[in-house]
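Chemist: This is the structure I have questions about; it appears just below.
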RNA sequence: GGGCCUGUAGCUCAAUGGUUAGAGCAGGGCGCUCAUAACGCCUUGGUUGGGGGUUCGAGUCCCUCCGGGCCUACCA
């Protein structure tokens, strides 16, 4: 038995995420977590909400609530939706937790002690009307290059020219519209990533099996221009982890907080501590997942994220760990994803375009979404959601191939032999051979985290069941050889339980329904297919389940297509 | 501007430089009647974005052009 630490990129607190966010991190992480558990491995699967930063402050203000209250509410909302999608986190934490505050301050202190922190005085735009410093992109004005009047302080969206906020003509606050802006000097802490460049490069170079998407982004940042740059890790905000050097005050840093991207990955660690605290466990219980000097040597650590998160996970966070000089576990494999597009354009949180997680669950059960999203995961390039494709996949794969198989087997048996597994002769050698080959391929794809290929193989395994029934034809055989027909049906009933076990990572609810119908609770992974298909013995009672998957009708599809075309209400 | 990814059948995708470029869906035909009008079998469909090059051999490697996308360090 191996041990797997699995983390999903932590979703930002601000609002409900769309299906593109889901398929890029939480969902594939859940797939692998469930699979590894199914294989009998010890798994700690962690996720959290990323709560600090300017957008959270602004959203809270807009909602007329204290930011702490806003975040607590949104965390509860996201936790509920995660449950709805059956995301099997061992703990769903919060980056604003006390554990993360302490740990973030601890790391900063370690980094400072080891000489990896420098203080930099810089000039930044301050808005008197808003009473806050403005990040570059929160300043708008006219582009000096093309004259576009909604250019942002970091870049003009119209002509794509990179800008400095002071370049803008007639700059104004994007928050209040105020033009009462001034440039102030402020001091910030920088993480000296440049001093760790060699170590980071060697580490990245050693990861030859990582997705190209992951390593190419890391190498770009390492080698582009002057190489890896130091990064500011503090901000002039109220909402965040107060800047401290361990437990000591940090002179000159009063009133400042750490940058969200400094404390967010540390939450992966703090979340394990939250998990321990929430479950009456000791420090040793979580440290054995994270400290290589306290038992984490045999842990394999897998991270899942969208491509926009890659620089922070390949460089900044590892730099934090390396620079601490402490034996924290570094990630072993980073699975990164491209983006999911929606009907010819992008999913957009700000424009409310596409399907959001709560909306998805309001129209169809989670398994429908899980299956489509995972079997179309944007692994090698951006992929595209269309309602036609979704309807086709769900109806064909889930309803026709798998759902109908369960129906035909259980109903045939009930009609001919009653609701118990019949006694019959041996059968199905060819099927067992095929399933064995395909199951091994499925396992390899899951181990390699090739999500699409795993889904394809799983579907082929379902199809094999229909092929078997069609060629065995118990409905014909029963007329001349009842014993043989009974053997076929017994095998087919066992096939349902077998499918429940191996399909559970993709479609946990349907798997549970299938298992319940077989009145069984044996989720043992089928290392030997022949043995697995002999689990339900003659005389074992079963029930005919409700239809596993209802098909999506054309009218429904058209209605949803229209409903989600425009702006989110 | 720079870097990276990507372009393969109507659609969604496969193919360590090595047989005749393969699957699923959609389309066509046949079979079956247990089943959610479901299932199975057979089948149509390709100048691998264009052009050039390297090689005994290129979807794959190189150059170039065209299209799509992402990143470019103070959003997260």
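Chemist: For a Förster distance of 41 Å, can you work out the FRET efficiency between the beta-carbons of residue A:180 and residue A:118, rounded to the nearest 0.05?
Modeler: Details: r = 32 Å, r/R0 = 0.79.
Efficiency, from the Cβ-Cβ distance: 0.80.
Chemist: Related question: For chain A, what is the relative contact order in percent, using Cα pairs closer than 8 Å and at least 6 residues apart in sequence?
Modeler: Working: 986 pairs, mean separation 92.8, N = 569.
RCO, chain A: 16 percent.
Chemist: In degrees from 0 to 90, rounded to the nearest 10, what is the angle of the helix A:67-84 Cα long axis to the longest principal axis of chain A?
Modeler: It is inclined by approximately 20 degrees.
Chemist: Based on the Kirkwood radius over alpha-carbon pairs, what value in µm²/s does the Stokes-Einstein equation return for the translational diffusion coefficient of the stretch A:330-417 at 10 °C and 1.306 mPa s?
Modeler: Values: Rh = 15.5 Å.
Roughly 103 µm²/s, to the nearest whole number.
Chemist: Sticking with this structure for a sec: Hey, what angle do you get for helix A:508-517 against the long axis of chain A, alpha-carbon based, 0 to 90 degrees rounded to 10?
Modeler: For helix A:508-517, the angle is close to 20 degrees.
Chemist: Hey, fewest Cβ within 10 Å first, where do A:333, A:342 land in order?
Modeler: On the way: A:333 17, A:342 21.
Ordered by Cβ neighbours within 10 Å, fewest first: A:333, A:342.
Chemist: Okay, moving on. Can you tell me how much longer the chain between residue A:363 and residue A:551 gets when fully stretched, taken as 0.36 nm per residue apart minus their C-alpha distance, in nm with one decimal?
Modeler: On the way: separation 188, 0.36 × 188 = 67.68 nm, distance 1.26 nm.
This chain segment gains 66.4 nm when fully extended.
Chemist: Calculate, for residue A:207 and residue A:525, the FRET efficiency according to 1/(1 + (r/R0)^6) with r their C-beta to C-beta distance and R0 35 Å; round to the nearest 0.05.
Modeler: Details: r = 28 Å, r/R0 = 0.81.
Here the calculated transfer efficiency is 0.75.
Chemist: Length gain on complete extension for the stretch residue A:128 to residue A:351, per 0.36 nm per residue less the alpha carbon to alpha carbon distance? Display every interim value, and only then the final one.
Modeler: Working: separation 223, 0.36 × 223 = 80.28 nm, distance 2.87 nm.
That pair, residue A:128 and residue A:351, stretches by 77.4 nm at full extension.
Chemist: Another question about this same structure. Above 16 angstrom, tally the Cα pairs of the stretch A:284-344 and express them as a % of all pairs, no decimals. Walk me through the numbers before you get to the answer.
Modeler: Details: 999 of 1830 pairs.
The proportion of pairs with Cα distances above 16 Å equals 55 percent.
Chemist: How high is the relative contact order of the stretch A:287-352? Use alpha-carbon pairs under 8 Å, at least six apart in sequence, and give a whole percent. If you can, show how the numbers build up before the last one.
Modeler: Numbers: 62 pairs, mean separation 25.4, N = 66.
It comes to 38 percent, rounded to a whole number.
Chemist: What do you get for Rg/Rh over chain A if you use C-alpha atoms and the Kirkwood form of Rh? Each step should come with its number before you reach the end.
Modeler: Numbers: Rg = 27.1 Å, Rh = 26.2 Å.
That ratio is 1.03, to two decimals.
Chemist: Using the per-residue mean of other Cβ atoms lying within 10 Å as a proxy for protection, in what order, highest first, do the peptides A:66-77, A:204-215 fall?
Modeler: Details: A:66-77: 16.8, A:204-215: 15.1.
So the order, starting with the most tightly packed, is A:66-77, A:204-215.
Chemist: A follow-up question, please. Mind giving me the nanometre distance, one decimal, between the label points for residue A:326 and residue A:308, set 7 Å out from Cα along Cα→Cβ?
Modeler: Result: 3.1 nm between the two label points.
Chemist: Evaluated at 20 °C with a viscosity of 1.002 mPa s, what Stokes-Einstein diffusion coefficient in µm²/s does the stretch A:393-460 have when Rh comes from the Kirkwood expression over alpha-carbon pairs? Numbers along the way, then the final one.
Modeler: Numbers: Rh = 14.2 Å.
Stokes-Einstein gives a translational diffusion coefficient of 151 µm²/s.
Chemist: Using only the alpha-carbon atoms, how far is helix A:366-375 inclined from the longest principal axis of chain A? Give it as 0 to 90 degrees, nearest 10.
Modeler: Helix A:366-375 sits roughly 80 degrees off the main axis of chain A.
Chemist: Compute the label zone of residue A:436 within the stretch A:34-63: residues whose backbone N is under 11 Å from the point 7 Å along Cα-to-Cβ.
Modeler: Under 11 Å, as judged by backbone N against the label point of residue A:436, lies no residue of the stretch A:34-63.
Chemist: I'm checking a number: the convex hull volume of the Cα atoms of the stretch A:88-230, normalised per residue, in Å³. What is it?
Modeler: Values: hull volume 28.8 nm³, N = 143.
Normalising the Cα hull of the stretch A:88-230 by residue number yields 201 Å³.
Chemist: Rounded to the nearest 500, what is chain A's calculated 222 nm mean residue ellipticity when only DSSP H runs of at least 4 contribute -39500 (n - 2.57) each, over all residues? Mind showing how you got there, number by number?
Modeler: On the way: 21 runs with 248 residues, N = 569.
Value at 222 nm, helices only: -13500 deg cm²/dmol.
Chemist: Given all pairs of different Cα atoms, what value in angstroms does the Kirkwood hydrodynamic radius of the stretch A:385-532 take?
Modeler: Numbers: mean 1/r = 0.0628 Å⁻¹.
Radius from the Kirkwood sum: 15.9 Å.
Chemist: Regarding the stretch A:117-191, what whole-number volume in Å³ per residue does the convex hull of its Cα atoms give? Display every interim value, and only then the final one.
Modeler: On the way: hull volume 6.4 nm³, N = 75.
Here the figure is 85 Å³ per residue.
Chemist: Still on this model: Just grab the label-to-label distance for residue A:509 and residue A:414, each label 7 Å out from Cα along the Cβ direction, in nm (one decimal).
Modeler: 2.1 nm
Chemist: Here's another thing I want to ask about it. Starting at 0 and stepping by 10 Å, how many percent of the alpha carbon pairs of the stretch A:452-569 end up in each bin?
Modeler: Each 10 Å bin holds this share of Cα pairs: 11, 34, 31, 14, 8, 2, 0.
Chemist: While we're on this one: Could you rank the peptides A:507-518, A:492-503 by their average count of other C-beta atoms within 10 Å per residue, with the highest value first? Display every interim value, and only then the final one.
Modeler: Values: A:507-518: 21.0, A:492-503: 23.0.
Ranking the peptides A:507-518, A:492-503 by packing returns A:492-503, A:507-518.
Chemist: Give me the distance in nm between label points sitting 7 Å out from Cα along the Cα-to-Cβ direction at residue A:83 and residue A:224, one decimal.
Modeler: 4.2 nm
Chemist: Binned at 5 Å from 0, what are the whole-percent values of the Cα-Cα distance distribution for the stretch A:279-392, short to long?
Modeler: 2, 9, 14, 16, 14, 11, 11, 11, 8, 3, 0
Chemist: Additional query: What is the calculated FRET efficiency for residue A:388 to residue A:155, with r their C-beta to C-beta distance and R₀ = 41 Å, to the nearest 0.05? Mind showing how you got there, number by number?
Modeler: Working: r = 36 Å, r/R0 = 0.87.
E between residue A:388 and residue A:155, to the nearest 0.05, is 0.70.
Chemist: Students often check this: by mean Cβ neighbours within 10 Å, which of A:17-30, A:390-403 ranks highest, and how do the rest follow? It would help to have the intermediate numbers written out before the result.
Modeler: On the way: A:17-30: 24.8, A:390-403: 19.6.
Top to bottom by mean Cβ count within 10 Å: A:17-30, A:390-403.
Chemist: Would you kindly state how much longer the chain becomes between residue A:300 and residue A:278 on full extension, computed as 0.36 nm times their sequence separation minus their alpha carbon distance, in nm to one decimal?
Modeler: Numbers: separation 22, 0.36 × 22 = 7.92 nm, distance 2.36 nm.
Separation in residues times 0.36 nm, less the Cα-Cα distance, equals 5.6 nm.
Chemist: Before anything else, pin down the relative contact order of the stretch A:177-315: Cα pairs under 8 Å, at least 6 apart, normalised by residue count, whole percent. Walk me through the numbers before you get to the answer.
Modeler: On the way: 124 pairs, mean separation 31.8, N = 139.
Result for the stretch A:177-315 is 23 percent.
Laboratory data are not the source of any read-out in this text; all were calculated from the coordinates shown. Being a predicted model, the structure only gives us computed values, none of them experimental. Here the Cβ is made from the backbone with ideal geometry for all residues, glycine too, and neighbour counts use every protein chain on show.
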